[in-house]
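The values are calculated or read from the model by the stated rules, or taken from the named source; none is laboratory data. Every value quoted in this text rests on a predicted model; they were computed, and no experiment measured them. Here the Cβ positions follow ideal geometry from the backbone for every residue, glycine too, while neighbour counts run over all protein chains shown. The accessibility values were calculated without ligands, DNA or RNA, using every heavy atom of the protein model including side chains. Shrake-Rupley method; radii C 1.70, N 1.55, O 1.52, S 1.80 Å.
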Amino acid sequence: MSVLEQIAENLIKGKANDVKTLVQQALDEGLDAGKILNEGLLAGMGVVGKRFKANEVYVPEVLIAARAMKAGTEILKPRLAADGVKACGTIVVGTVQGDLHDIGKNLVGMMMEGAGFKVIDIGINVPAEKFVESAKENNAELIGVSALLTTTMTNMKAVVDAAKSAGLAGKTKVMVGGAPVTQAFCDEIGADGYAADAASAADVAKELIA
Ligand code: B1M
């Protein structure tokens, strides 16, 4: 098995220390950082995403794989920057105002990172203006808003409206998700995209910026 295949395999199993060692080994062998990212780490995370979507693995396995992904990308980051490998886009993610749930939002962030996005996580209980401010500051193509409560999902409209008022329409798209959120709700509040789970969120994000 090649070192890249081993990276993917160990990432799928969530073996963070082994992923770290293998990424370093691949760099030492002279492999290109972008190749290690795409054919090692992202290939592994892609498999995890597919299995998660198919209900073959669940939240704990995804979190463990995501931790391994993070360990590998930490080693790669300086080299990726030096080699000029660009993120496929920037997304600001946060949980809507009034809502303190962050497990789903964190998973979405990790899957986005796994899909090659630069993720700016602005936390929980985030006012609409802060989403917009952060999107402007970071030149983000996307804002991702998570809500877990029927009482807070209504605050998602404020984010859509704030983005429009700030002139971000067309430049920065807003996507929404979370257990009570539906495609119909997304359409109703005028958001650009909706995803039911973290793995589809990364797919939808890619479609939105395509
Ligand atoms: Co809360 N809670 N909670 N809670 N909590 C729920 C959501 C609830 C359904 C439980 C219940 O009553 N059955 C209920 C909401 C009812 C409703 O609104 N209809 C509820 C309630 C009522 C509350 C409190 C009000 C309880 C109280 O204090 N009386 C309170 C609210 C506090 C607040 O936010 N202001 C509260 C508090 C908490 C804890 C702090 C204890 C804790 C949160 C800890 C944390 O997040 N760090 C908690 C938890 C853990 C839950 C449950 C048990 C689990 C939520 C979770 O993390 N799921 C939940 C019941 C349940 O769902 N079974 C519940 C796993 C997570 C991976 O799924 O977040 O849905 P989820 O994310 C998914 C998708 O939705 C999607 O991808 C993720 C992965 O596939 N997704 C996106 C999420 N965001 C997305 C964004 C996208 C795209 C997809 O694009 C941007």
| field | Only listed residue being of a type in the set (K, R), open to solvent by 60 Å² or more (accessible area, probe 1.4 Å) and at pLDDT 95 or above, chosen from K136, K171 | value | K136
| Which listed residue, of G144, G177, G123, is within 14 Å of the ligand (Cβ to nearest atom), surrounded by fewer than 20 Cβ atoms within 10 Å (Cβ to Cβ) and closer than 14 Å to G109 by Cα | G123
| task | Working only within region 89-107, note down all residues that are modelled with pLDDT of 90 or more and under 30 Å from G34 (Cβ atoms). | result | G89, T90, I91, V92, V93, G94, K105
| query | Looking at (1) within 25 Å of T154 (Cα to Cα); (2) open to solvent by 20 Å² or more (accessible area, probe 1.4 Å); (3) in contact (Cβ under 8 Å) with a residue 40 or more places away in the chain, which is the one condition that is false for L100? | reply | (3)
| query | If you scan region 6-35, which residues turn out to be closer than 16 Å to G116 by Cα and either under 19 Å from the mean Cα position of the chain (by Cα) or not assigned by TED's automatic domain parsing to the domain that holds A71 (or both)? | reply | A8, L11, G34
| Within the set of pairs 6+ apart or on separate chains, which have a first residue in region 28-43 that is charged (D, E, K, R), a second that is modelled with pLDDT of 90 or more, and C-beta atoms under 7 Å apart? | E29/V3; E39/L4
| Based on what the data block shows, is A87 surrounded by fewer than 19 Cβ atoms within 10 Å (Cβ to Cβ) and closer than 24 Å to I120 by Cβ? | yes
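Can you confirm whether S200 is at pLDDT 95 or above, surrounded by 16 or more Cβ atoms within 10 Å (Cβ to Cβ) and within 30 Å of K50 (Cβ to Cβ)? Full working, then the answer.
Values: at pLDDT 95 or above: no; surrounded by 16 or more Cβ atoms within 10 Å (Cβ to Cβ): yes; within 30 Å of K50 (Cβ to Cβ): yes.
No, not satisfied.
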| Residue list for region 52-106, restricted to those being more than 10 Å from the ligand (Cβ to nearest atom) and small (G, A, S) | A54, A65, A66, A68, A71, G72, A81, A82, G84, A87, G89
| field | Enumerated helices (runs of 4 or more DSSP H) restricted to region 115-210, each holding at least 2 residues that are within 13 Å of T95 (Cβ to Cβ) | value | 128-137, 156-165
| task | Mind listing whichever residues of region 107-120 are open to solvent by 50 Å² or more (accessible area, probe 1.4 Å) and within 12 Å of the ligand (Cβ to nearest atom)? | result | M110
| Tally time: how many residues in region 16-38 are crowded, with 19+ Cβ neighbours inside 10 Å, modelled with pLDDT under 95 and under 24 Å from A199 (Cβ atoms)? | 2
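Restricting to region 151-168, name every residue that is open to solvent by less than 70 Å² (accessible area, probe 1.4 Å), over 21 Å from the mean Cα position of the chain (by Cα) and not β-branched (V, I, T). Step through it out loud before you land on a result.
Going through region 151-168, the residues open to solvent by less than 70 Å² (accessible area, probe 1.4 Å) turn out to be 152-153, 155-156, 158-163, 166-168.
If we keep only those that are over 21 Å from the mean Cα position of the chain (by Cα) too, we end up with 152, 155, 158, 161-162, 166-167.
Scanning region 151-168 gives N155, A158, D161, A162, A166, G167.
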